[in-house]
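Please read the structure below before turning to the comments.
Laboratory data are not the source of any read-out in this text; all were calculated from the coordinates shown. Please read all numbers here as calculations on a predicted model, not as lab measurements. As a convention, Cβ positions derive from the backbone with ideal geometry for all residues, glycine included, and neighbour counts pool all protein chains shown.
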Amino acid sequence: MRFQHEARRYGYISLPVSFFIFALLVTTFFSSVITGAEEGTDYCASLIRRSDELALHNHEAWRALVHYKETLFGTRSLIDDPKFFVSPEGKRNPKAELHATIKAILSPPHPGEKHPVCRFSARYQWLKEMLAFDEAKLPVKGCAEIEEFIDKISPKTATLVFPASNINSPASMFGHTLLSIETANRSKLLAHAIDYSAHTQENWMIALAIKGIFGLYNGYYNILPYYAKVQEYNDFDQRDIWEYRLNFTEKEVRKMLYHILELENVYSHYYFFDENCSYNILFLLDIARPSLKLSDHFYTKIPTWVIPIDTIRTIKEKKLIEGTDFRPSRVTKIRHLSKILSYEGKKIAREIINKKKNPSDLLEASVPNSEKAQIADLITEYIRYQYSDEKIAKEEYSSQLIQILQVRSKIDSPNEAFSIQVPAVPESGHNSARFFLGCGVAKKTFYQEIRLRPAYHTILDPDDGYIEGGQIVFSDFSFRYYNDEKKILLQRWDIIDLISLTPNDDFIRAVSWKISTGFRRLFLDTNNSPLVAFMNPGRGFARYTPLGIMYLLGEMDFGFGKNIERHYFVAGGVSAGTLTKLTQNIRVHFYARDMYHILQTNHHEVSAGVGLRITITRNFNFMIEGKYNLAGSSDFEKRTGMFDGTAGCNAYF
């Protein structure tokens, strides 16, 4: 009985005691949560205060991480994708974006979402270093996923890669730059390539150019195997590749990779002339070493022209380049082998390529074994060139390649890689912009002339570091002051002036072409040279000769203007010329042009001229140009002629 009474008594007392203990535990739990939250809030506020004291929002590293630039309309990031910013004001407010990033790093993780520590790994690493994070107070202590990925790449060094210009592609007309991230113990070809490029759909050259100029494409950073980029540029695009080894440390290269992972699937508007592949690569170098401020070199309040070769020159001025390597394209290899073969050797190679002889016949040819090996090497490269250019199917390619390799293995000659003379490095050429000052005579009147060209190169400019026979000119202005008339006239404005004189030889067949558009003076007679808008395309062929590159082009000429008959014209005809290098410093261009106006009554134009450049220094030369124009009826029964001669100096800057 007593036992039951005591049990009832203690049972009666245990209910409030249990309730009290439960309430105490709950209160303690929520108190600790609230205290932890308050501590977290206090810690976040202290970090923000510390960042303001250090003015981190104005730090060169932060501005590089978020791609901030000072413009005429204030600060803005050149990244256009909203998801790159934590703050709604982040695109134009560096401080708001910095504060929002700190808050995001200290925010609790949410299931199924990538935490900001992983999403913005480069920002996290930099803030961790600058603010000395107490990791015990961080809800997420680093990002194992990112660290594992970078450790797998194992970055050691970085190389700036420059595939030479490809005049047949608007996006690569000035060349292209990308980065190769390499390890200490793997082949260069197994490295990772990082580039920035526009995502395009069109194949029409004019549409590509227009959209690229006005920023109508989105550009993205990409990580790809380097061997794939070498194959794309060396084999498919037939472009030589230059590799510039940079002196960044392993830690600095790692910073680049952190930032690239932040930019995954993040776009910015691609602009052909400024915010292009080469400019955006500079941000990665700035992030690796913020004191460089390479991206500021081409963007002060307003963007300036950014030509890939100019970025290489700037990087070289900063003493970042340790050495240079050259990867010749397949076409360069074929031209080299063709050049060193004898006439008989070329004949044998052509006969095997054209299937007039079997590859095994090479073994019985009456040439030395060393030349047999060169012939076999040339045929091997040519078969690979045909396949990369989609001129033969895979089955035929495999069959032909096996046959010639079997023959090559039987030739008693050292199986050594042939060496190609390395051309002048691209950055050794003249600067991109040009200013001309000169004088001349036309219509028996003396004049003074100035020309200004922002970019880039003409066929008469010194070609060290440039493509021989290639011309890329944008917005070349020419103004003349005629002494007798006492007035200044716009003589010509070439908005676009492109020429590709790609010589044919015994093995490579290529099309030469030109296109120019803008405003020019149309010669009608000595007293009438109205300014007209025009477009002048042409297509034909060129060939190496003892005199230099000779070419023949069929041309069309379209234009309109208020001071000409019917206010428009359509003409067709031919042009021919020779581009000769008399010495290393003297180049001459002889040319003639015959154009018949199809829709204008009885009008015919013929012109012949010569241009001469004498190079004094890399960025200074003398120029002499002379041209005789003849205009008249179709049979020249009625005609008038005029000589126009100019002499002056070109300065490149």
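Taking chymotrypsin sites (Phe, Trp or Tyr not before Pro) across region 42-137, the ones in a DSSP loop with at most 11 further Cβ atoms lying within 10 angstrom of their Cβ are 73. Pairs 339/391; 293/318; 156/293; 443/581: which exceed 20 Å Cα-Cα? Pairs exceeding 20 Å: 339/391; 156/293; 443/581. Two numbers describe the Cα atoms of region 504-653: Rg and Dmax, which are 17.2, 50 Å.
Each of 624, 242, 136 was placed along the dipole of the chain (beta-carbon charges, centred on the mean Cα), and the one lying farthest toward the positive end is 624.
Can you match P(r) over Cα pairs in 20 Å bins from 0, in percent to one of these, (1) 19, 55, 25, 1; (2) 16, 43, 31, 10, 0; (3) 15, 38, 29, 12, 4, 2, 1, 0, based on a calculation from the structure here? Label of the calculated value: (3). Shown in residue order for region 570-575 are the 3J(HN,Hα) couplings computed by the Karplus curve 6.51 cos²θ - 1.76 cosθ + 1.60 at θ = phi - 60°: 9, 10, x, x, 9, 9 Hz (x for Gly and Pro).
Using 0.36 nm per residue and subtracting the Cα-Cα separation, the extra length available between residue 431 and residue 409 on full extension is 3.2 nm. A cut-off of 5 Å between modelled amide H atoms, ignoring neighbours fewer than 5 places along the same chain, links residue 215 with 272. Beyond 28 Å between alpha-carbons counts as too far, so tell me which of 114/137; 251/316; 188/333; 141/301; 69/229 fall in that bin. From the list (114/137; 251/316; 188/333; 141/301; 69/229), the Cα-Cα distance tops 28 Å for 141/301; 69/229. Applying a DSSP loop filter and a limit of 15 other Cβ atoms within 10 Å to the chymotrypsin sites (Phe, Trp or Tyr not before Pro) in region 577-651 leaves 636. Between residue 390 and residue 369, what FRET efficiency comes out of the Förster formula 1/(1 + (r/R0)^6) with R0 = 41 Å and r the beta carbon distance, rounded to 0.05? It comes to 0.75. For the chain, the longest principal axis of the Cα atoms and the long axis of helix 369-388 meet at an angle of about 70 degrees.
Extension gain, residue 445 to residue 232: 0.36 nm times the residue separation minus the Cα-Cα distance gives 71.3 nm.
Only Lys, Arg, Asp and Glu carry charge here, each on its Cβ (+1 for the first two, -1 for the last two); on that basis region 429-652 has a dipole of about 440 debye about its Cα centre. Coupling constants for region 609-617 follow from the phi torsions by the Karplus curve (6.51 cos²θ - 1.76 cosθ + 1.60, θ = phi - 60°), and in residue order they are x, 9, x, 10, 10, 10, 7, 9, 10 Hz; glycine and proline get x.
Ignoring aspartates and glutamates fewer than eight residues from residue 372 along the same chain, the ones with Cα atoms less than 15 angstrom from its Cα are 344, 351, 361, 364, 381, 412, 416.
Among the trypsin sites (Lys or Arg not before Pro) in region 395-466, those placed in a DSSP loop whose Cβ has at most 14 other Cβ atoms within 10 Å are 444.
Excluding same-chain neighbours fewer than eight residues apart, the aspartates and glutamates reachable from residue 638 by a Cα-Cα span under 13 Å are 525, 605. Relative contact order, whole percent, for region 429-652 stands at 17, derived from Cα pairs under 8 Å and 6 or more residues apart.
Working note: Karplus 6.51/-1.76/1.60 with θ = phi - 60° gives region 295-302 the couplings 5, 5, 4, 10, 8, 10, 6, 10 Hz, where Gly and Pro are set to x.
Inter-part distance, region 457-477 to region 92-106, computed on C-alpha centroids, equals 47 Å. Label positions at residue 399 and residue 515, each projected 7 Å from the Cα along the C-beta direction, are separated by 3.9 nm.
Against the chain, whose longest principal axis is taken from its Cα atoms, helix 2-53 shows a tilt of about 30°. By the Cβ distance rule (another cysteine Cβ under 4.7 Å), the unpaired cysteines of the chain are 44, 277, 439, 649. Using a cutoff of 8 angstrom between alpha carbon atoms and counting only pairs six or more residues apart, the relative contact order for region 336-410 works out to 35 percent. Expressed as a whole number of Å, what is the distance separating the alpha-carbon centroids of region 140-215 and region 581-644? Spelled out, the Cα-based centre of one part sits 43 Å from the other.
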